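Have a look at the structure below before the remarks.
Since every read-out is calculated from the coordinates, none of them should be taken as a lab result. What you see is a predicted model; the values in this text were computed from it and never measured. Every residue, glycine as well, gets a Cβ built from its backbone with ideal geometry; the counts of neighbours run over all protein chains shown.
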Amino acid sequence: MPGVEPLRLDVTDPESIAAAASVAGDATLVINNAGISTHTHLTDGDIGNIRLEMETHFFGSLGVTRAFAPVLAANGGGGFLNVLSLLSWLHVPDYGAYSAAKAAAWAMTNVARLELAPKGIQVTGLHVGYLDTDMADYVAPADKIDPAEVAALALDAVEAGLTEVLADERSRQVKQNLLATP
Ligand SMILES: NC(=O)c1ccc[n+]([C@@H]2O[C@H](COP(=O)([O-])OP(=O)(O)OC[C@H]3O[C@@H](n4cnc5c(N)ncnc54)[C@H](OP(=O)(O)O)[C@@H]3O)[C@@H](O)[C@H]2O)c1
């Protein structure tokens, strides 16, 4: 695609993050989209999977944020768009490791927004239910939303300066129910 320059990036590898930030010195918008879903129970599942989910969703997004914040600031501000989930708020066993990692990434998103605002950097959180991607290939088509639709919605939200995007009815319902007893 014209104008697109792919970069190699492993968000679990600090050296890889630093290399990407040094190459992409003209960045004005960074999308923390990398994710995995291992379907691991927290109390008896593989601890390696639990750590990997945390390394990817929480430490990975945090590492990218820390590395790219000076780049964005030097370019006049810009923003981060963090791809989260309704599972940042809805916590069930089959998604234990994922939910914990997305909840941590949500907290990071909210703190980073406040910490980076004085530098003119905006941080937007995107929450969604099932997206029609490889990660949700086991989900019935009718239960998934088109990722292109969500991407357009999210970019409009970034342009409008919104802090949080609830991309579908499921994520809106889950957020509304946060006051309920778990
Ligand atoms: N699918 C859903 O239903 C759903 C719902 C809510 C939120 N989300 C979130 O949406 C985001 C995108 O997921 P998806 O649905 O597109 O899943 P996907 O089809 O499995 O794609 C995941 C992407 O993350 C990349 N990735 C994984 N580990 C990485 C790492 N260590 N460093 C850099 N990139 C890495 C993968 O790169 P490679 O292909 O190179 O491995 C791939 O491009 C994730 O944050 C996910 O948690 C997904």
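Which net charge results for the neighbourhood of residue 47, defined as the other residues with beta-carbon distances under 14 angstrom from its beta-carbon, given Lys and Arg at +1 and Asp and Glu at -1? Walk me through the intermediate numbers first.
Values: positive: 51; negative: 44, 46, 53, 55.
Local net charge: -3.
Under the rule of -39500 (n - 2.57) per DSSP H run of 4 or more residues, summed and divided by the residues of the chain, what mean residue ellipticity at 222 nm is obtained, to the nearest 500 deg cm²/dmol?
Details: 6 runs with 73 residues, N = 182.
Result for the chain, helices only: -12500 deg cm²/dmol.
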Treating only Lys and Arg (+1) and Asp and Glu (-1) as charged, each at its beta carbon, one finds that the chain has a dipole about its Cα centre, in Debye to the nearest 20, of 620 debye
Nearest 10, in degrees from 0 to 90: the angle of helix 61-74 to the longest Cα principal axis of the chain is 30 degrees
If one compares the long axis through the Cα atoms of helix 147-159 with the longest principal axis of the Cα atoms of the chain, the angle in degrees, nearest 10, works out at 50 degrees
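Below 8 Å, C-alpha to C-alpha, sequence gap of six or more: please give me the relative contact order for the chain in percent.
Working: 280 pairs, mean separation 37.1, N = 182.
Computed value for the chain: 20 percent relative contact order.
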Listed by chain and number, the residues whose amide H is under 5 Å from that of residue 30, excluding neighbours fewer than 5 places away on the same chain and using placed H, are 79, 80, 81
Taking Lys and Arg as +1 and Asp and Glu as -1, residues besides residue 105 with C-beta under 12 Å from its C-beta add up to -1
When the charge dipole of the chain is computed with +1 at the Cβ of Lys and Arg and -1 at the Cβ of Asp and Glu, the Cα pointing farthest to the positive end, of 56, 178, 84, is that of 178
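Find the Rg to Rh ratio for the chain, where Rh is the Kirkwood radius over alpha-carbon pairs and Rg uses the same atoms. Intermediate values should be presented prior to the final figure.
Numbers: Rg = 16.3 Å, Rh = 17.0 Å.
Radius of gyration relative to Kirkwood radius: 0.96.
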Relative to the chain, whose Cα atoms define the longest principal axis, helix 96-116 and its Cα axis are tilted in degrees, nearest 10, by 30 degrees
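For 54, 1, 135, what ranking results if the residue with the fewest other Cβ atoms within 10 Å of its Cβ goes first?
Numbers: 54 17, 1 5, 135 13.
By the 10 Å Cβ count, ascending: 1, 135, 54.
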